[in-house]
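*Asks:* Here it is, the structure in full.
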Amino acid sequence: MHRKGEQVTADASGAVEIRNALVRLRRTTGLPVAFGGLVEPGRRHVRISELSGAATSALSGLPVTSGNGLGGRAVALARPCAVTDYSSSRQISHEYDVPVAAEGLRSVLAVPVVVRRRVRGVLYGALRTAQPLGGRTLDAAMEAARDVEQTLVVREEVRELVAAAAGAPPAADLAPGSAWEQVREAHAALRALAPRIADPALREELLAACALLTPRTSRPGVRLAPRELDVLACLAAGVTNAVASERLGLRPETVKSYLRSAMRKLGAHTRGEAVAAARRTGLLP
């Protein structure tokens, strides 16, 4: 059972990130209420889907059209907006005064979530008293929005890579040459992204796409840990240990440790031998 106001809708793409960002925003600022949502596909409005700290359901499901109200203004301008007293502000239009008043909100800020120059959602923070929201509060809200933006960018990259992998011919059918190198680069990119995906279903989809890029051979008894395979996939694409460390979010010493472990399991004495052995066994394209 969810606590009142903490979660109001089933998960949609990006909803988990919005919800987590709202919780972080309240925790870092002390704001009593935070809410937000994403732009619905094919429409010009944000639907408020996630509430944190709300006392009522007045804002739940509210569609906020671009240009209308505080959030709509933030969407239209693609920049943060704030008012000290929502109901009396002359900076905004007042289509949403009734649900805002029902929740008892006075001072409100709205920060757009912008991905690839397109507004994808809005995060709100609010007080139930009419007082200025300071710069630290606005900075925290902007940081929360940036976190959501980065996650959505990663999601889009994953979808693009998964789509490319799904449309690629089986690795076993490819002749050596540039096509092979493209497959290997895509495989390394997918493996590098996988640990950054919080959504289990999306992560599994990504790893399934990785499998599409590996030869359809029977697997021997050699088994590599996921991170060992991540490191080998990066190194197989021709990058240095330092670059692999940066891509995978690991320390250089950790990359070396995983590489040594993979080499031992594969009976290899060099990284080149390890990559070749992994390819022979169908662990890498």
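*Asks:* With respect to residue 124, determine if the residue is touching a Ser or Thr at 6+ places or on another chain (Cβ under 8 Å) and of a type in the set (Phe, Trp, Tyr). Steps first, answer last, please.
*Replies:* Numbers: touching a Ser or Thr at 6+ places or on another chain (Cβ under 8 Å): no; of a type in the set (Phe, Trp, Tyr): yes.
When the stated conditions are applied, residue 124 does not pass them.
*Asks:* Please verify whether residue 65 is under 30 Å from residue 41 (Cβ atoms), surrounded by 13 or more Cβ atoms within 10 Å (Cβ to Cβ), in the same structural domain as residue 48 (by TED's automatic domain parsing) and among the β-branched types (Val, Ile, Thr), treating the condition exactly as stated. Full working, then the answer.
*Replies:* On the way: under 30 Å from residue 41 (Cβ atoms): yes; surrounded by 13 or more Cβ atoms within 10 Å (Cβ to Cβ): yes; in the same structural domain as residue 48 (by TED's automatic domain parsing): yes; among the β-branched types (Val, Ile, Thr): yes.
Yes, satisfied.
*Asks:* Let me spell it out: the conditions are (1) closer than 16 Å to residue 64 by Cβ; (2) of a type in the set (Asp, Glu); (3) touching a residue at least 24 places away in the same chain (Cβ under 8 Å), and residue 85 meets all of them except one. Which number is the exception?
*Replies:* (1)
*Asks:* Could you list, in sequence order, all residues of region 25-71 that are in a helix (DSSP H, G or I) and either free of Cβ contacts under 8 Å to residues at least 24 places away in the same chain or of a type in the set (Asp, Glu) (or both)? So that I can check it myself, show each step before the final result.
*Replies:* The initial filter retains those residues of region 25-71 that are in a helix (DSSP H, G or I), namely 25-29, 69-71.
Residue satisfying the conditions is 27 alone.
Quick grid of which residues meet (1) buried (at least 16 other Cβ atoms within 10 Å of the Cβ); (2) touching a strand residue (DSSP E or B) at 6+ places or on another chain (Cβ under 8 Å); (3) part of a helix (DSSP H, G or I):
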| site | (1), (2), (3) |
| --- | --- |
| 79 | no, yes, no |
| 90 | no, no, no |
| 101 | no, no, yes |
| 106 | yes, yes, no |
| 113 | yes, yes, no |
| 122 | yes, yes, no |
| 132 | no, no, no |
| 143 | no, no, yes |
| 146 | no, no, yes |
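*Asks:* Can you tell me which residue is nearest to residue 154 (Cα to Cα) among those in region 251-282 that are at pLDDT 90 or above and outside any helix (DSSP H, G or I)?
*Replies:* 251
*Asks:* Same structure, new question: Of the residues in region 199-227, how many are over 13 Å from residue 281 (Cα atoms), among the charged types (D, E, K, R) and at pLDDT 75 or above?
*Replies:* Qualifying residue count for the region: 2.
*Asks:* From the list 156, 95, which one is surrounded by fewer than 21 Cβ atoms within 10 Å (Cβ to Cβ) and at pLDDT below 95? Show your work before the answer.
*Replies:* On the way: 95 fails: at pLDDT below 95.
Sole residue among the options that is surrounded by fewer than 21 Cβ atoms within 10 Å (Cβ to Cβ) and at pLDDT below 95: 156.
*Asks:* Next question. Criterion first (at pLDDT below 95 and in contact with a helix residue (DSSP H, G or I) (Cβ under 7 Å, 6 or more places away or on another chain)) does residue 66 satisfy it? Reasoning before the result, please.
*Replies:* Working: at pLDDT below 95: yes; in contact with a helix residue (DSSP H, G or I) (Cβ under 7 Å, 6 or more places away or on another chain): yes.
Taking the combined requirement at face value, the residue satisfies it.
*Asks:* In region 39-59, which residues are of a type in the set (Gly, Ala, Ser) and under 23 Å from the mean Cα position of the chain (by Cα)?
*Replies:* Within region 39-59, the subset of a type in the set (Gly, Ala, Ser) is 42, 49, 52-55, 57-58.
Once the filter is applied, which keeps residues that are of a type in the set (Gly, Ala, Ser) and under 23 Å from the mean Cα position of the chain (by Cα), region 39-59 yields 42, 49, 52.
The values are calculated or read from the model by the stated rules, or taken from the named source; none is laboratory data. None of these values were measured; they are calculated from a predicted model. Positions of Cβ are backbone-derived with ideal geometry, glycine not excepted, and every protein chain shown enters the neighbour counts.
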